[in-house]
1. Which order do peptides 140-153, 102-115, 181-194, 80-93 fall in by mean Cβ count within 10 Å, highest first?
2. Only Cα pairs within less than 10 Å get springs; with that Gaussian network setup on the chain, which residue of Lys164, Lys124, Lys342 has the largest fluctuation?
3. Just to check I understand the Karplus step: with θ = phi - 60° and J = 6.51 cos²θ - 1.76 cosθ + 1.60, what whole-Hz values come out for the stretch 27-36, glycine and proline as x?
4. Give me the percent relative contact order of the stretch 1-150, please, defined on Cα pairs under 8 angstrom at least 6 residues apart.
5. What percent antiparallel are the DSSP beta bridges of the stretch 38-141, to the nearest 5?
6. Counting only DSSP beta bridges with both residues in the chain, tell me the antiparallel percent, nearest 5.
7. For the stretch 194-208, what does the Karplus curve 6.51 cos²θ - 1.76 cosθ + 1.60, with θ = phi - 60°, yield as ³J(HN,Hα) per residue in whole Hz, taken in order and with x for Gly and Pro?
8. For the chain, just give the cysteines left without a disulfide-compatible partner, judged by no other Cys Cβ under 4.7 Å.
Amino acid sequence: MSDTKHNWTKEEILEIYNKPLMELLYEAATVHRVNHDPNVVQVSTLLSIKTGGCSEDCGYCPQAARYHTNIEGNDLMTVPQVKAQALRAKASGSSRVCMGAAWRNVKDGDEFDAVLEMVRTINKLDMEVCCTLGMITENQAQRLAEAGLYAYNYNLDSSEEYYKEVISTRGYQDRLDTIDNVRKTNVTVCSGGIIGMGENIEDRAGMLVALSTLNPQPESTPINALVAVEGTPLEDEKPVSIWEMIRMVATTRIVMPETQVRLSAGRTQMSREGQAMCFFAGANSIFAGDKLLTTPNPDVNEDMKMFELLGLNPQKPFTKKVQPQTVEATDSEFESLGEKPKWTRPEHKIERNELAKEKGKLIK
Ligand code: SF4
């Protein structure tokens, strides 16, 4: 049985985060070596299967319809398009494809049926499949599991307190409810957050309390550094320093020893040396591909050169957990219930989100 600690307090996490850097790095690297092969890094490809036009107001997101940004939206991709992209990702060393759709939540119907077919198709390519589709119900989670989904991503984004300063169109508990629905299946949980949104260190610790006290802890945790996109409410936030990123990665590694910690958005702003320190501090996963949904990401060849330089190897698929079986749609034991997840709509307004929305209206 795992002896992972699930009752971390904010004070304990802050004490870790604020340690002298060399001590923090040494402790994180030690935890990392006990729980993982330090020379293996998992590589995921993030594929935006439906871009833009989202009804939510996430302050960091250029895909929110209410803000005016220069991203190009697209309707849901087709199954053959997704298969072609997955094959390309596999050929370039990715073990996982993460499909992202800019939806508040999953709605039963033709589009969700198409996503289920995409999951079946990628699982049959012997790649791990992850989806990030917004809120889902238990039945939807079961149907994804049956199709062969390996992981479901739903980030907590920040601490519960600071979350209210970033998103007003659904509550923190809605996110936890979706994670809970995923946990009722054998699909693994991927959940993390973003630093550099104007939060303080207490908020970063608060987010790690929320993630590390989940039992079991998420199998993977993306740590994103905000990429401030013009037109979004957070467009003026300054980039986080590499030292903050290293501290965040190291602290995550210590409080979530078995989790795969993923360097996600913001990697283009990091030098190779900076990324190497993050790997030393316990990061053992990256997103590959020249785009992360809509923001830039290092080129795959650049990443492979970095792996060679550092003596790192890409992780093989299904190293941590066996490949799920795919059940065909015709043999499914779950029906489409025509349901939508219930969510709360907190009654507060976020001034900077409202301002960005007004600015968006004027430009449009
Ligand atoms: S983060 Fe997701 S839910 Fe929020 S606006 Fe962007 S696409 Fe929509």
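1. 140-153, 181-194, 102-115, 80-93
2. Among Lys164, Lys124, Lys342, the largest mean-square fluctuation in the Gaussian network model of the chain belongs to Lys342.
3. For the stretch 27-36, the Karplus-derived couplings read 5, 5, 5, 5, 4, 4, 5, 5, 9, 9 Hz, x marking Gly and Pro.
4. Computed over the stretch 1-150, the figure is 20 percent.
5. Beta bridges within the stretch 38-141, antiparallel portion: roughly 5 percent.
6. The answer is about 10 percent antiparallel.
7. 10, 10, x, 9, x, 6, 9, 5, 4, 5, 4, 5, x, 5, 5
8. Cys54, Cys131, Cys190, Cys278, each lacking another Cys Cβ under 4.7 Å.
The values are calculated or read from the model by the stated rules, or taken from the named source; none is laboratory data. Everything quoted here is computed from the prediction, not taken from an experiment. Heads up, the Cβs are rebuilt from the backbone with ideal geometry, glycines too, and the neighbour counts pull from every protein chain shown. Accessible surface areas use protein heavy atoms only, side chains included; no ligands, DNA or RNA. Shrake-Rupley method; radii C 1.70, N 1.55, O 1.52, S 1.80 Å.
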